[in-house]
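Inspection log for the structure reproduced underneath, given as structure tokens.
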Amino acid sequence: MKILVCISNVPDTTSKINFTQDNTKFDTTGVQFVINPNDEFGLTRAMWFKEKQGATVHVATVGGPQVEPTMRKALAIGADEGIRINAEPTDGFFVAQQLAEVIKNGEYDLVIGGRESIDYNGGMVPGIIAAILNINFVNTCIGLEIEGEKVTAMREIDGGKEKLESTLPLIIGGQKGLVEESDLRIPNMRGIMMARKKQINVLEPAEALHATSDKTFDKPAQKGPVKLVDADNVGELIELLHNEAKVI
Amino acid sequence: MSILVYTEAENGKFKKNALEVASYAHKVAQEMGTEVTALSFNVSDNSALGNYGVSKVLKVENEQLKTFHAKAYASVIAEAVKKEGAKLVILSSSTDSKYLGGLLSGMLKAGYIPNAVSAPDSVEPMVVKRMAFSNKGFAHTEINTETKIIGVSNNAFGLIENATDLQEEAFSPATEEKDFATKSVNVDKVAGEVTIADADIVVSAGRGLKGPENWGMIEELADVLGAATACSKPVSDMGWRSHGEHVGQTGKPVASNLYIAIGISGAIQHLAGVSASKVKVVINTDPEAPFFKAADYGIVGDAFEVVPELIEKLKEFKAQNA
């Protein structure tokens with residue numbers, strides 16, 4: 001089985017979010033970048049397939065040279081080869097088209113993306129790829145078993161889960177549940193050393209549509225201080241929620 | 001050149017988000033000088049749409065489409081877009097709508113903005129404010145394509161009544177075998193429970209509850225409020241509650257009108273997941289818990305004393321306001 005894991009290079013979850021250049025650009029000063037958490041669950045599941053069932057695992061990212069440390073981490077975890085499409089990942093449609101080109105040319109059986117990235121939260125890339133390449137697609141995937149060509153997947157739905165059957169080739173939008181957080185891997189020294197020798201192929205971007213463009217950014221308004229209610233007077237909380245906040 | 005709205009339904013009835021999306025579409029239609037056409041799947045009584053600004057509904061009645069199939073639904077929506085000459089498709093930002101959004105975007109070569117938090121800043125060009133950085137920021141994003149898709153965040157716009165004279169039309173697009181290549185074989189959903197995505201109120205609890213055996217009072221509080229229950233990440237990691245209840249950056253996002261956090265200190269990832277909620281209440285013994293900085297109302301106190309008292313007082317309040 002040949003697997004491609006699409007990874008996004010995102011600010012780590014505790015990053016402070018600021019914007020520069022008149023609120024038109026994300027301020028990367030002092031920000032640590034990591035593999036998007038939803039993609040990391042998928043990468044770990046890919047490692048599981050590699051070890052238990054035999055698979056070749058490639059990782060692909062759209063980004064400039066600055067994303068390579070994140071790709072090296074994926075290689076240190078055990079991916080065999082990296083593909084970097086040398087372009088700014090400006091919008092989801094553009095990214096999906098670039099990855100679709102890689103998938104078409106690489107003839108992958110399984111493509112794993114994340115449910116969404118934790119920076120722009122678009123969550124559209126796997127779906128767009130599925131539509132462009134006309135391949136089967138399961139989103140919010142929380143379980144995946146493959147036997148030959150047959151796929152059994154579990155997806156999260158609002159208020160529960162749904163079991164699906166499909167066939168390869170397949171693309172998923174994965175998330176926590178594909179593997180548990182305790183199963184995520186920290187690269188060991190051997191992995192890091194081996195990753196240095198693994199290849200990152202740099203491809204120039206294909207001509208593609210920029211379907212959306214971010215014009216400006218802003219942050220939520222500063223919140224006032226919390227209004228404290230005495231623990232001996234919870235009735236006052238109900239009053240406030242009813243009369244002031246008008247939510248009950 | 002109408003606006004097409006995908007309306008979610010369950011057991012033949014519209015979900016609240018269907019009416020919210022219709023309300024949003026009506027607002028955009030007024031700005032664009034056009035009308036709203038809705039698409040409904042296996043709903044016999046569509047009259048509710050006429051209360052929320054929809055002028056025409058395309059009714060799909062098809063046994064194969066009784067349950068949600070992303071690809072088949074996306075194909076039907078794409079067909080309706082073609083038939084109506086729609087230039088804008090509006091969906092919710094539920095799990096199913098997000099499943100459709102990417103597929104539709106690819107099929108229609110349409111720029112897609114999910115998680116829209118308010119009506120468009122402008123319709124020409126189409127610029128929409130959307131959630132970014134897990135609610136730590138907002139992006140004002142322009143759609144550059146001729147056909148456009150917007151996904152409205154739950155509870156971001158609200159329900160706004162606009163009575164219209166609703167026309168109904170049967171719509172029977174052809175479905176193909178390949179649309180069902182990914183088959184649903186089983187749905188495991190607790191019937192009758194309010195889901196986090198649909199809930200106006202969410203009652204959530206964390207490690208401060210000390211063990212899963214103490215969740216009875218959380219469920220009772222949720223029951224009194226007609227709320228959904230949720231939990232923090234450590235609680236789902238320890239298996240006290242299911243992963244489906246985990247709220248946070250890698251769990252479920254919550255955009256309810258009221259979020260009550262009990263015994264949750266407020267890690268940054270948790271706060272990111274709930275920040276779209278309008279009013280936040282925290283109950284915690286530790287006055288230094290970070291959640292107090294993010295909350296609107298707070299009680300410093302022991303959940304095991306405060307929550308039962310709150311349940312009693314809410315029952316009295318409900319009896320008086322019934």
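The values are calculated or read from the model by the stated rules, or taken from the named source; none is laboratory data. From a predicted model like this one, the values you see are computed outputs, not experimental measurements. Heads up, the Cβs are rebuilt from the backbone with ideal geometry, glycines too, and the neighbour counts pull from every protein chain shown. What goes into the accessible areas is simple: the full protein's heavy atoms, side chains included, and nothing from ligands, DNA or RNA. Shrake-Rupley method; radii C 1.70, N 1.55, O 1.52, S 1.80 Å.
For the reader, a short list of remarks on this structure follows.
For (1) modelled with pLDDT under 95; (2) buried (at least 20 other Cβ atoms within 10 Å of the Cβ); (3) within 14 Å of the chain's Cα centre (by Cα), each residue gets a yes or a no:
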site: A:Val57; (1), (2), (3): no, yes, no
site: A:Ala60; (1), (2), (3): no, yes, yes
site: A:Gln66; (1), (2), (3): no, no, no
site: A:Pro69; (1), (2), (3): no, no, no
site: A:Leu75; (1), (2), (3): no, yes, no
site: A:Glu81; (1), (2), (3): no, no, no
site: A:Ala87; (1), (2), (3): no, no, no
site: A:Val95; (1), (2), (3): no, yes, yes
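- Flag if B:Ser47 is out of contact with any strand residue (DSSP E or B) (no Cβ under 8 Å at 6 or more places or on another chain), at pLDDT 95 or above and open to solvent by 10 Å² or more (accessible area, probe 1.4 Å): yes
- Residue within segment B:306-322 that is among the charged types (D, E, K, R), part of a helix (DSSP H, G or I), facing another protein chain (nearest Cβ under 8 Å) and open to solvent by 60 Å² or more (accessible area, probe 1.4 Å) present: yes
- Search result, residues across segment B:251-288 that are open to solvent by less than 20 Å² (accessible area, probe 1.4 Å), among the polar types (S, T, N, Q) and within 26 Å of A:Asp158 (Cα to Cα): B:Ser256, B:Ser277
- Selection of segment A:194-208 for residues being open to solvent by less than 90 Å² (accessible area, probe 1.4 Å) and either facing chain B (nearest Cβ under 7 Å) or over 30 Å from B:Glu146 (Cα atoms) (or both) yields A:Met194, A:Ala195, A:Lys198, A:Ile200, A:Asn201, A:Val202.
- Test: residue in segment B:289-300 that is touching a helix residue (DSSP H, G or I) at 6+ places or on another chain (Cβ under 6 Å), open to solvent by 10 Å² or more (accessible area, probe 1.4 Å) and assigned to a helix (DSSP H, G or I): yes
The rows are residues; the columns are (1) under 21 Å from B:Thr95 (Cβ atoms); (2) facing another protein chain (nearest Cβ under 7 Å); (3) among the aromatic types (Phe, Trp, Tyr); (4) open to solvent by less than 20 Å² (accessible area, probe 1.4 Å).
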residue: B:Pro114; (1), (2), (3), (4): yes, yes, no, yes
residue: B:Val117; (1), (2), (3), (4): yes, no, no, no
residue: B:Lys129; (1), (2), (3), (4): no, no, no, no
residue: B:Ile143; (1), (2), (3), (4): no, yes, no, yes
residue: B:Lys148; (1), (2), (3), (4): no, no, no, no
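- Here B:Thr250, B:Thr285 are screened, and the one residue that is among the hydroxyl-bearing types (Ser, Thr, Tyr), within 10 Å of chain A (Cβ to nearest Cβ) and farther than 29 Å from B:Asn17 by Cα is B:Thr285.
- Residues that are within 16 Å of B:Tyr99 (Cα to Cα) and open to solvent by 20 Å² or more (accessible area, probe 1.4 Å), drawn from segment A:159-185: A:Gly159, A:Gly160, A:Lys161, A:Lys163
- Count - residues of segment B:178-223 that are in a strand (DSSP E or B) and either within 9 Å of chain A (Cβ to nearest Cβ) or of a type outside the set (A, V, I, L, M, F, W, C) (or both): 9
- Those residues of segment A:116-151 which are open to solvent by 40 Å² or more (accessible area, probe 1.4 Å) and either within 15 Å of A:Asp39 (Cα to Cα) or hydroxyl-bearing (Ser, Thr, Tyr) (or both), in sequence order: A:Tyr120
- Extreme residue, nearest to B:Gly151 (Cα to Cα), among residues of segment B:82-112 that are open to solvent by 10 Å² or more (accessible area, probe 1.4 Å) and touching a residue at least 60 places away in the same chain (Cβ under 8 Å): B:Ser93
- Among the residues of segment B:66-81, not one is modelled with pLDDT under 95 and open to solvent by less than 20 Å² (accessible area, probe 1.4 Å).
- Residue selection: B:Phe138 fails the criterion of being assigned to a loop (DSSP other than H, G, I, E, B) and aromatic (Phe, Trp, Tyr).
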